[in-house]
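Below is one structure, written out as C-alpha cells; comments come after it.
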Amino acid sequence: MMKKFGSGSTARPFRSPRALRFWGTFLAACLVGSAAWLFVHAPKDLDKLEASGQVVETDEAPRLYPDYAGVVVPPNIAPLNFEIQEDGQEYLTRFSIDEGYSFVAAGQKTDVRRKAWRRLLEGAKGKRIKVEVFARADKKSWKAFAPVFIDVAEEPIDRWLHYRLIEPGYEYFSRVVLAQRDLESFDEQVWFNARMVDSRTCVNCHTFQDHKTDNFLVHMRRVHAGTLLCADGELAKLDPKIPSDPLGVAYAAWHPREPLVAFSSNSTFQMFHATSPDRIEVLDAASDLVLFDVEKRASAPICLTDELFETFPAWSPDGTALYYCVAKSPYSAQEEESDLSPTGGTDAFGNPKLAEFDRRKVEALGVYSDFHYSLARRSFDPAGRAFGEPETLVDAEALGKSVAHPRVSPDGKTLVYTLSKYGTFPIWRRDADLWSLDLSTGETRALEELNSGESESWHEWDSSGRWLFFSSRRDDGAYTRVYIAHYSEDGKWSKPFLLPQRDPEQNIELMKSYNLPTPTSEPMKIKPRKIVRAGRRPC
C-alpha cells in the first residue's frame, strides 16, 4: 500500500532524476570553479618555486600602476593594490620586511587582505617594505623582476579625506557630491548630494575648522543658494550677506580657534578656448574679503575695493595672520555713460553694480591673461577682531605669474601655493605647479619633487604637517586625482603616491574628478539626509 505524505509522515518526498542531475551538475560546477579560483588566486610556495630552478632573475624593475616604487606611506594607509603591467600567464607578488613578516598575493591585480597589510605596516614602521613581482612566461619558467621598495613613515596620516566629485567639464555642474573616504580602508560615503536638493543646485567648496567635523560649511549656488553652516554639530542655512556678490560667498577659511570664517566673495564667469589645451578660463568680475562671525551671524569687511581683487583666504595655524591672494584689476575704468553699463557707479559698499559686471565680461576677452595674483598677508588680533596693513610675500605680478591656494603648515614654518602663468583657476592651467615659501627666510622654490607636466592644485596639509594632499591631472591630462606626499622633519619631500583603491583600475575608470581633498581627524557626524533637508530650507 502506498503511504500518503501528511503532517505525521516520516517519508521523504520523491526527487526526480532530472532534479538530481541538475543539482549534481550545479555542485560539480561550483567545485570546479572553486578549484580554478584557488589555482589562480591561492598564494604559491615561492621558496619551493625559487628552489626548483624555474625562476629566472632579471635586473628589470616591473611596471606597476599605480607606481608605488620608492614612495613613502603612512603606517595607517589602506593596501597599495596595483596592476602588474608586464606580459605573463600568471602572477605572484611577495610583500616582506627584512627578517620579518611576509605574505604572497596572486593575480595581475593585487587584492591584499587588510589584516595581512596592517600586520605588515606595523612591522615596517620606520623601515621599508620589499615588493617582489614574479610573472610566469610559460608552463615551466617564471621571471623574477628586480624588487621595488616602499618606505613606511613613523607618522600616521589623518584617517578621513573629504573631497568633491565632479565631471571634469562644465556641463553637469549639478552632478556634484561631497564624499569622505576612510584612508585605512576603501570605504567611501557620500555625505552631500547636490541633486538630492535640486537637479539645478551646485555645491561649492567645503571647509572644516582645525581638521575636525563639528564645525564646517559648504556653499550652494543657483537653486536653493545659501551657505550650510554646522557650528558645534548644529546645522543652519544662512546668507552671510556679502555685499559684492549677488550669488553669495565662494572660498572660505575657518579661523583655527575662534568662531570666525574668512570669506572671499567672487563674482566669477567662464570663458572657453577653441584651440588651447587649457580649455577653460574662470575669471573674477569682482572679488573681496569679508570676516563672518558665526555666533552673531554678521559680516564685516576685511577689504572691499574695486581696484584690487582679493581671494583664497587662509589662516596661520595660530590664527594671528590671514594669507590671501590679491591682483590689480586689469579692467579699464568704467565709463559713466555706456550701453553696457547704463547705471554705472558703485553700490553703497563701494562695489561695482551688476551692469558693470556685464561690461567686464565683454572686456575680459582682451585682458584675461593680465590677471596676476600675488601672495599677501595681514596680521590679525583675535581679541579685537582687527587686521593690520597688507604686506606682499610673493610679488607674482613682477614675475609675470599668478599665485593661488596658499596653505600654511601646522607648525607655521612652510607655506605651499600654486603658481601658474595667470588667472585664479590653476586646476585648468597645465603649467600650474606647487611652490613652497619658507616663512622664516622668505625663500621660495618650485617643488619639483611633486610637480608633473600637468596641473597640480587644491592642496591641503593634514593635522600633523607631515602629509600633503593635492589634486593632479598627471595621469591623463583630463581628470584630477588625489596624490599624497610625505614632508619630513628636515624639510624633504617624498615622491607622491596615488590614493589607493581596492581595484587599481578604478583610478582610470571613474569618470569624475577629485576636487579639494581635505583631511580630517574624525569622520562626518551629521547624517546625509539631515544635510539635504537643511539644504532645502530658505536662508
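Values as computed for the structure displayed
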item	result
Condition check for residue 75: touching a residue at least 40 places away in the same chain (Cβ under 8 Å), under 16 Å from residue 501 (Cα atoms), open to solvent by less than 80 Å² (accessible area, probe 1.4 Å) and not aliphatic (A, V, I, L, M)	no
Residue selected from segment 46-56 under the condition outside any loop (DSSP other than H, G, I, E, B) and open to solvent by 20 Å² or more (accessible area, probe 1.4 Å), by the criterion farthest from residue 104 (Cα to Cα)	56
Residues (more than 26 Å from the chain's Cα centre (by Cα), modelled with pLDDT of 95 or more and part of a loop (DSSP other than H, G, I, E, B)) located in segment 386-409	388, 389, 390, 395
Residue list for segment 133-153, filter: within 18 Å of residue 51 (Cβ to Cβ) and either in contact with a helix residue (DSSP H, G or I) (Cβ under 9 Å, 6 or more places away or on another chain) or hydroxyl-bearing (Ser, Thr, Tyr) (or both)	134, 141, 142, 144
Answer residue from segment 518-539, given it is closer than 17 Å to residue 212 by Cβ and not aliphatic (A, V, I, L, M) and is nearest to the chain's Cα centre (by Cα) among those	518
Every residue from segment 493-539 that is open to solvent by 80 Å² or more (accessible area, probe 1.4 Å) and basic (Lys, Arg)	502, 525, 527, 529, 533, 536, 537
Of all residues in segment 478-492 being of a type outside the set (A, V, I, L, M, F, W, C) and farther than 15 Å from residue 514 by Cβ, the one that is most open to solvent (accessible area, probe 1.4 Å)	489
Index of the failed condition, residue 430 passing every other in (1) touching a helix residue (DSSP H, G or I) at 6+ places or on another chain (Cβ under 9 Å); (2) assigned to a loop (DSSP other than H, G, I, E, B); (3) closer than 21 Å to residue 165 by Cα	(1)
Number of the exception - residue 59 against (1) loosely packed, with under 10 Cβ neighbours inside 10 Å; (2) more than 30 Å from residue 139 (Cα to Cα); (3) modelled with pLDDT of 85 or more	(2)
Selection within segment 331-376 - at pLDDT 80 or above, surrounded by fewer than 20 Cβ atoms within 10 Å (Cβ to Cβ), among the hydroxyl-bearing types (Ser, Thr, Tyr) and not in a loop (DSSP other than H, G, I, E, B)	368, 369
Lone unmet requirement of (1) open to solvent by less than 60 Å² (accessible area, probe 1.4 Å); (2) in contact with a Pro (Cβ under 6 Å, 6 or more places away or on another chain) for residue 123	(2)
Hits in segment 466-491 (condition: of a type in the set (A, V, I, L, M) and not in a loop (DSSP other than H, G, I, E, B))	468, 482, 484, 485
Any hit, segment 251-258, residues being crowded, with 23+ Cβ neighbours inside 10 Å, of a type outside the set (Asp, Glu) and assigned to a loop (DSSP other than H, G, I, E, B)	yes
Odd one out for residue 445 among (1) buried (at least 20 other Cβ atoms within 10 Å of the Cβ); (2) in a strand (DSSP E or B)	(1)
Test for residue 184: is it open to solvent by 20 Å² or more (accessible area, probe 1.4 Å), modelled with pLDDT of 95 or more, more than 18 Å from residue 470 (Cα to Cα) and among the acidic types (Asp, Glu)	yes
Matching residues in segment 288-303 - criterion: being over 19 Å from residue 404 (Cα atoms) and open to solvent by 10 Å² or more (accessible area, probe 1.4 Å)	291, 293, 295, 296, 297, 298, 299, 300, 301
Near pairs, Cβ below 6 angstrom, 6+ apart or cross-chain, from segment 54-69 (touching a residue at least 40 places away in the same chain (Cβ under 8 Å) and more than 10 Å from residue 148 (Cα to Cα)) to any residue that is acidic (Asp, Glu) and surrounded by 15 or more Cβ atoms within 10 Å (Cβ to Cβ)	65/83
Residue satisfying condition, being assigned to a strand (DSSP E or B), in contact (Cβ under 8 Å) with a residue 12 or more places away in the chain and open to solvent by 50 Å² or more (accessible area, probe 1.4 Å), within set 379, 463, 436, 457	379
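This table checks each residue for (1) of a type outside the set (A, V, I, L, M, F, W, C); (2) modelled with pLDDT of 85 or more; (3) out of contact with any Cys (no Cβ under 8 Å at 6 or more places or on another chain); (4) open to solvent by less than 10 Å² (accessible area, probe 1.4 Å).
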{"position": "192", "(1), (2), (3), (4)": "no, yes, yes, yes"}
{"position": "196", "(1), (2), (3), (4)": "no, yes, yes, no"}
{"position": "204", "(1), (2), (3), (4)": "yes, no, yes, no"}
{"position": "208", "(1), (2), (3), (4)": "no, yes, yes, no"}
{"position": "212", "(1), (2), (3), (4)": "yes, yes, yes, no"}
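The values are calculated or read from the model by the stated rules, or taken from the named source; none is laboratory data. Every value quoted in this text rests on a predicted model; they were computed, and no experiment measured them. Cβ coordinates were reconstructed from backbone atoms using ideal geometry, including for glycine residues, and neighbour counts include every protein chain displayed. For the accessible areas, the whole protein counts, side chains as well, though only heavy atoms, and no ligand, DNA or RNA atoms are used. Shrake-Rupley method; radii C 1.70, N 1.55, O 1.52, S 1.80 Å.
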